[in-house]
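In what follows, a single structure is set out as structure tokens and then discussed.
Derivation of every value follows stated rules applied to the coordinates shown; laboratory data play no part. Every value quoted in this text rests on a predicted model; they were computed, and no experiment measured them. As a convention, Cβ positions derive from the backbone with ideal geometry for all residues, glycine included, and neighbour counts pool all protein chains shown.
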Amino acid sequence: MSYWLLKSEPDVYSFDKLTKEGKGVWDGVRNYQARNNLRAMKEGDLGFFYHSNEGLEIVGILEITKEAFPDPTFEGDRWSAIEVVTYKPLNKRISLEEIKKTKGLENMVLVKNSRLSVQPVTKAEWNIIIEMSGTDI
DNA sequence: GCCAACGTTGGC
DNA sequence: GCCAACGTTGGC
């Protein structure tokens, strides 16, 4: 079981939208590092849904329901997509600002490499954020 | 809206 | 295969 963090601009695709639609295809990733992370995901893995540009906070949890397949928005198999569903929203959203201030989270990829749109989260980081957010898994 | 950080492209 | 030029992302 691995943990992830996926970023989206809420203008383009928000956690609310995913929740309304039930499930979503995470496509359009055009970065190799991010793609490799998509390909490493297993069905049943959980990920944080982070709003970039606006909000700058983790808003909820999603679950990977289908492992990597060729990105339908691209001809060929160079890029990959996955399928996700809303797992549950966080009771309390966790902002980037808080993350930067929290011991144990200062080395998160989100902080160290803010441009990577699909990134791994360690179990320790995951647990801290879940705890802070007061969310029951 | 600016700009730093990073990735990609293409000429040599 | 190097690296300058350019494009994109995302925090501020």
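None of A:Ile129, A:Ile58, A:Ile99 is assigned to a strand (DSSP E or B) and crowded, with 19+ Cβ neighbours inside 10 Å except A:Ile58.
Just one residue in the set A:Val84, A:Val25, A:Val29, A:Val12 is touching a strand residue (DSSP E or B) at 6+ places or on another chain (Cβ under 7 Å), within 13 Å of DNA strand C (Cβ to nearest atom) and among the β-branched types (Val, Ile, Thr); that residue is A:Val29. Scanning the range A:38-55 for residues that are of a type in the set (Gly, Ala, Ser), more than 11 Å from DNA strand C (Cβ to nearest atom) and part of a loop (DSSP other than H, G, I, E, B) gives a single hit, A:Gly44. Taken together, A:Thr102, A:Thr65, A:Thr19 contain a single residue that is over 16 Å from A:Ile137 (Cβ atoms), of a type in the set (Val, Ile, Thr) and without any contact (Cβ under 8 Å) to a residue 40 or more places away in the chain, which is A:Thr102.
Scanning the range A:13-37 for residues that are under 17 Å from A:Thr86 (Cα atoms) and either among the hydrophobic types (A, V, I, L, M, F, W, C) or part of a helix (DSSP H, G or I) (or both) yields A:Phe15, A:Asp16, A:Lys17, A:Leu18, A:Thr19, A:Lys20, A:Glu21, A:Val25, A:Trp26.
A:Val111 passes every criterion in (1) within 16 Å of DNA strand C (Cβ to nearest atom); (2) touching a residue at least 24 places away in the same chain (Cβ under 8 Å); (3) part of a helix (DSSP H, G or I); (4) within 22 Å of A:Thr135 (Cβ to Cβ) apart from (2).
Of all residues in the range A:77-96, those being within 16 Å of DNA strand B (Cβ to nearest atom) and surrounded by 15 or more Cβ atoms within 10 Å (Cβ to Cβ) number 3. Of all residues in the range A:97-137, those that are more than 16 Å from DNA strand B (Cβ to nearest atom) and under 22 Å from A:Gly44 (Cα atoms) total 16. In this structure, does A:Val118 turn out to be touching a residue at least 60 places away in the same chain (Cβ under 8 Å), among the hydrophobic types (A, V, I, L, M, F, W, C) and either over 13 Å from A:Tyr3 (Cβ atoms) or surrounded by 19 or more Cβ atoms within 10 Å (Cβ to Cβ) (or both)? Criteria met by A:Val118.
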